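Worksheet: the structure to be examined is printed underneath.
The values are calculated or read from the model by the stated rules, or taken from the named source; none is laboratory data. Quantities reported herein were computed from a predicted structural model and do not represent experimental measurements. So basically every Cβ, Gly included, is an ideal-geometry build from the backbone, and we count neighbours across all protein chains shown. Accessible surface areas use protein heavy atoms only, side chains included; no ligands, DNA or RNA. Shrake-Rupley method; radii C 1.70, N 1.55, O 1.52, S 1.80 Å.
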Amino acid sequence: MTTSPSQPGPSGDIDSVLNETRLFQPPSAAELGLPGGAQWLVPSIGAYREMHRRSIEQPGEFWGSIAKELHWFTPWTSVVSWSPPDARWFDGATTNIAYNCLERQIQAGLGDRTAILWEGEPVGPSGPEVRRLSYRDLLCESSKLANALKAMGVRKGQVVTIYMGMVPELPIALLACARIGAPHSVIFGGFSAHAIADRLTDASSRTVITCDGAWRRGKVVPLKENVDAAVSQLEKAKPGAAAVDHVICLKRCGNTVEWNAGRDRWWHDVVDKASDQCPAERMNSEDMLFLLYTSGSTGKPKGIVHTTGGYMVHVYATAKYAWNFGDPAGAGGDAPLYWCTADIGWVTGHSYILYGILPNRVTSLMFEGAPNFPAEDRFWDIVERHRVTHFYTAPTAIRAFMKWGEKHPKKHDLSSLRILGTVGEPINPEAWMWYREHIGADRCPIVDTWWQTETGGFMIAPLPGAMPTKPGSCTLPFFGVDAAVVNEQGHEVGANKGGLLVIRRPWPGIIRGVHGDRDRFVQTYFSRVRDPATGQAYYFTGDGARRDADGYFWVMGRIDDVINVAGHRLGTMEIESALVSHPAVVEAAVVGMPHDIKGTGIAAFVTLGSGQRAGEDLRAALLEHVSREIGPIARPDSIRFTDALPKTRSGKIMRRLLRDIASGVENIRQDTTTLEDYSILAKLRGDDES
Ligand code: WTA
């Protein structure tokens, strides 16, 4: 009945081969056992449709009324204005998202409620280390760091780079920046020195917050060392000037670090003595909140800009409705315990560990380590011990759980779970079913959330009490989201026809820019598809999709040169550039290929310089080289050496052909180390894409 979603072609001509007909009705609130007789916030598909219609017809009223649930220092003069590609939300208003995460709850008498429940990776004789930070603790700690940053001269508008492991001090750092209006740029701890250097330069960021190291499967990832290497790379390129002014380093693993006395400060030295009183800066609604780098189809990282008011309202509202948080103020022991397994280095962690969750007064669980450390049941052990109610993870993790086997979740009592979420890539129907059956005991609704770094928060996702779900579909758009599947001319395609996924109106969390590159912002998102009647640009997502006869969306994946590996978007161009930067390589092409666990793996085709010999040693050296240049997540799963790459007459690499070849690899571990001439294949097929 089901097959995997097909890979879209390069121009939006997408064949859909997924034919999935299973349908699951949402459970009633009583069936699911919502505590204290609580009800679904949106209890039926009819109620959803009515709210959605209102949100589209009267966005000002709709979003204005949700925004009023939050705290603003001064009110807005207009809810939304739209002159594509520029949206402004809650213009004229001032607010602070850190205030909405912390003070707002404390003022409501919830200062002692746990905001962050953290569990460390190492498991000692008495179990893992667990820390509980109340809303008050978090206010105190983040205010101290905010004062320490101010004392170092960090001011509103200056970008602070954060490169840390999943420790409580990471959300503390984000909240400290937000408190003083210094936009943060968080770099995922799996990235290498080179990636840090690029991002520091692009953001003109002169302050870094890091850790000595981070725990990963019992080993220490040397974060401080990577920061040192990034800074020295920059200083080598521009001798005579310091590349950054301050590095604040948290001691986590106790590994040895080098110290630059004029630049480096221990977190405990600067934070412990700082005052815990730091009033939240009044931020204009459209002031930048953060920058988050993501992959595009060129080698240059793309700094996605999000601002304050609209983003805050979007992530608050989506979390509230998709997780059915309501206002658990009085729920006492039944209050939700929500766990998103993403790293804060990705947008999922920004929006749904921190900024969307704390304003909902919910406890957010944060886990430092890997799902299989020390054993493959670690996640289920955590769910059982802490009585997790909401669990949000990625298809790549679910496929790994499937591979490890259902015996692991079976060992644990998972009956506290109520809602299961997924994000990051299209979920295969088989994985969806496994998740429902083995984690959700056939009872918990599955909330498949489609969204992007650029959208800030959820765009298409089921509301768990309202929508019947179908395995593999992210169902219907969130309130205010006008999503459509169109052809290149902007016309909606018919039911079950593949096309380009676009959003036709602005939503509060919409991307506000690509840092320092207006042209790229316009070109990438607001030029490919237009309203056929008015010529006004639509927001182009870069994804292919289809809608079925019920209007449900089925996302088919990226249509450009970005591949989605284990839920992380990687620019093929960046990996190619890394390969080509090795002295033995003259040309490289990287494409996605099917991979059991990661969904999409990385296949590299490499042409060597004259006199270079293909072989296992070189293959190992190239893998190591890519890990060093970009990070282990970009390490190819297969490297093939070839005399020449198949190209069009205009010299473009024919990726479609390479994708076919890569997909045909029977055993991805058996790499071809001999030279082959794949360009012959192109000649034989007579393909000529231009
Ligand atoms: C893909 C992650 C199908 C999609 C929040 C999108 C998904 C890209 C889903 C964004 C989903 C994310 N179903 N595909 N539920 N969620 N994607 O920026 O291709 O890291 O464009 O944001 O991931 O990845 P990003």
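Observations on the model:
- The lone exception for residue 376 - which of (1) within 22 Å of residue 22 (Cβ to Cβ); (2) in contact with a His (Cβ under 7 Å, 6 or more places away or on another chain); (3) free of Cβ contacts under 8 Å to residues at least 40 places away in the same chain it fails: (1)
- Only residues that are assigned to a helix (DSSP H, G or I) and over 16 Å from residue 509 (Cα atoms) were counted across the stretch 70-99, and they come to 2.
- Residue within the stretch 551-565 that is surrounded by fewer than 21 Cβ atoms within 10 Å (Cβ to Cβ) and away from the ligand (no atom under 14 Å from the Cβ) present: yes
- In the stretch 466-481 there is at least one residue matching the filter, namely being closer than 18 Å to residue 536 by Cβ and open to solvent by less than 10 Å² (accessible area, probe 1.4 Å).
- Taking each residue of the stretch 205-223 that is more than 15 Å from residue 369 (Cα to Cα) and looking for partners that are acidic (Asp, Glu) with beta-carbon atoms closer than 6 Å, six or more apart or interchain, yields 206/245.
- Filter result for residue 431 (within 16 Å of the ligand (Cβ to nearest atom), open to solvent by less than 10 Å² (accessible area, probe 1.4 Å) and over 25 Å from residue 508 (Cα atoms)): yes
- Within the stretch 486-509, considering residues that are buried (at least 24 other Cβ atoms within 10 Å of the Cβ) and over 14 Å from residue 537 (Cα atoms), the one nearest to the chain's Cα centre (by Cα): 509
- Meets criteria (more than 16 Å from the ligand (Cβ to nearest atom), farther than 25 Å from residue 165 by Cβ and crowded, with 23+ Cβ neighbours inside 10 Å) for residue 336: yes
- Hits in the stretch 23-38 - residues which are open to solvent by 70 Å² or more (accessible area, probe 1.4 Å) and touching a residue at least 24 places away in the same chain (Cβ under 8 Å): 23, 25, 31, 36
- Just one of the numbered conditions (1) more than 16 Å from the ligand (Cβ to nearest atom); (2) not in a strand (DSSP E or B) is not true of residue 574: (1).
- Applying the criterion of being among the small types (Gly, Ala, Ser) and under 25 Å from the mean Cα position of the chain (by Cα) to the residues of the stretch 147-175, the residue that is nearest to residue 221 (Cα to Cα) is 165.
- Residue match in the stretch 529-545 (condition: within 16 Å of the ligand (Cβ to nearest atom) and in a loop (DSSP other than H, G, I, E, B)): yes
- Scanning the stretch 163-206 for residues that are open to solvent by less than 10 Å² (accessible area, probe 1.4 Å), over 25 Å from residue 356 (Cβ atoms) and not small (Gly, Ala, Ser) turns up 196, 200.
- Test: residue in the stretch 272-293 that is within 16 Å of the ligand (Cβ to nearest atom) and not aliphatic (A, V, I, L, M): yes
- For the stretch 467-511, a tally of residues being more than 30 Å from residue 78 (Cβ to Cβ), outside any strand (DSSP E or B) and of a type in the set (Gly, Ala, Ser) returns 5.
- Remark: residue 238 matches the filter, which requires a residue to be at pLDDT below 95 and either of a type in the set (A, V, I, L, M) or loosely packed, with under 14 Cβ neighbours inside 10 Å (or both).
- Residues of the stretch 327-336 satisfying the condition of being among the small types (Gly, Ala, Ser), assigned to a loop (DSSP other than H, G, I, E, B) and either more than 14 Å from residue 419 (Cα to Cα) or modelled with pLDDT of 85 or more (or both): 331
- Of all residues in the stretch 398-408 being open to solvent by less than 20 Å² (accessible area, probe 1.4 Å) and either hydrophobic (A, V, I, L, M, F, W, C) or over 15 Å from residue 380 (Cβ atoms) (or both), the one that is nearest to the ligand (Cβ to nearest atom): 398
- Any chance residue 456 is of a type outside the set (D, E, K, R), touching a residue at least 24 places away in the same chain (Cβ under 8 Å) and either away from the ligand (no atom under 16 Å from the Cβ) or surrounded by 23 or more Cβ atoms within 10 Å (Cβ to Cβ) (or both): yes
- In the set (1) in contact with a strand residue (DSSP E or B) (Cβ under 7 Å, 6 or more places away or on another chain); (2) over 19 Å from residue 632 (Cβ atoms), the condition left unmet by residue 213 is number (2).
- Among (1) open to solvent by 10 Å² or more (accessible area, probe 1.4 Å); (2) away from the ligand (no atom under 12 Å from the Cβ); (3) closer than 27 Å to residue 326 by Cβ; (4) in contact with a helix residue (DSSP H, G or I) (Cβ under 7 Å, 6 or more places away or on another chain), the one test that residue 423 misses: (2)
- Considering residues of the stretch 245-266 that are among the β-branched types (Val, Ile, Thr) and buried (at least 19 other Cβ atoms within 10 Å of the Cβ) only, the residue farthest from the chain's Cα centre (by Cα): 257
- Selection count where residues are part of a helix (DSSP H, G or I) and surrounded by 19 or more Cβ atoms within 10 Å (Cβ to Cβ), scope the stretch 111-139: 4
- Condition met for residue 381 (at pLDDT below 95 and either crowded, with 21+ Cβ neighbours inside 10 Å or not polar (S, T, N, Q) (or both)): no
- Scan the stretch 578-613 for residues that are of a type in the set (Ser, Thr, Tyr), crowded, with 18+ Cβ neighbours inside 10 Å and in contact (Cβ under 8 Å) with a residue 40 or more places away in the chain and the total you get is 1.
- Single residue of the stretch 347-393 satisfying the filter (of a type in the set (A, V, I, L, M, F, W, C) and in a strand (DSSP E or B)) that is nearest to the ligand (Cβ to nearest atom): 391
- Total residues in the stretch 459-502 satisfying the condition of being within 26 Å of residue 43 (Cα to Cα), out of contact with any Cys (no Cβ under 9 Å at 6 or more places or on another chain) and within 16 Å of the ligand (Cβ to nearest atom): the figure is 15.
- Of the candidates 73, 90, 62, the single residue that is of a type in the set (Phe, Trp, Tyr), open to solvent by less than 40 Å² (accessible area, probe 1.4 Å) and under 22 Å from residue 180 (Cα atoms) is 90.
- Any hit, the stretch 411-431, residues being at pLDDT below 95, among the charged types (D, E, K, R), under 20 Å from residue 349 (Cβ atoms) and not in a helix (DSSP H, G or I): yes
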